[in-house]
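A short reminder: the numbers here are calculations on the coordinates, not readings from a lab. Predicted model only: the values in this text are computed from it and were never measured. Heads up, the Cβs are rebuilt from the backbone with ideal geometry, glycines too, and the neighbour counts pull from every protein chain shown.
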Amino acid sequence: MKLETYQITVDEYLNRLNCAVIRDEGLHKLIQLKNLKLVVVEALDNHKYLIQEVTLGLPGQRWDNIDASTAIAHIQMLENGNDTFYKIWHTDDVLSLNPKLSRDFARLVLQMAMDNHDATTIGINWEVLKIYIGQVFEMHSAGII
């Protein structure tokens with residue numbers, strides 16, 4: 001018995017992936033993967049594709065003149081690659097440090113941390129959140145918020 005294989009197109013895969021299409025010019029698309037990587041996907045002649053990662057607006061890895069299954073494999077590698085790690089901070093994290101805060105103030109703490117953190121040395125960590133919690137309480141005591 002011979003099994004039939006179903007060849008999915010890159011467009012069908014992108015639709016199933018439910019990624020954000022930033023720009024769609026038909027054969028040329030700029031998509032944002034769930035891990036926030038930007039990828040150019042361009043359909044070439046003879047059912048071939050160009051796939052190129054774009055990081056900070058600069059060209060990154062590029063695969064040219066590849067078939068659909070290889071293009072999908074590269075997109076999967078870019079999306080699921082192990083090069084990107086991140087911590088998602090939640091208002092519950094802030095509230096675990098100080099349950100006296102309201103949820104709105106916890107959101108403010110996270111917003112302040114995002115807007116003012118030093119990404120080159122410390123980033124956002126528990127100590128940074130404690131500092132912003134203190135600032136929110138000071139602002140509240142002073143009637144600023």
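Pairs of lysines in the chain whose Cα atoms sit within less than 21 Å of one another amount to 6, provided the residues are eight or more positions apart or on different chains. Relative to its Kirkwood radius, the Cα radius of gyration of region 91-141 gives an Rg/Rh of 0.95. In summary, the convex hull built on the alpha carbon positions of region 27-145 has an orientation-averaged projected area of 9.9 nm². Here the contact order of the chain, divided by its residue count and restricted to Cα pairs under 8 Å and six or more residues apart, works out to 12 percent. The dipole here belongs to region 10-80: it is taken about the Cα centre, uses +1 on the Cβ of Lys and Arg and -1 on the Cβ of Asp and Glu, and is about 260 debye. Taking other Cβ atoms within 10 Å as a rough exposure proxy, M112, M77 sort from fewest to most as M77, M112.
Looking at the square roots a ≥ b ≥ c of the eigenvalues of the Cα gyration tensor of region 10-80, which shape do they give, rounded for a/c under 1.5, prolate if a/b is larger than b/c, or oblate?
In terms of gyration-tensor shape, rounded.
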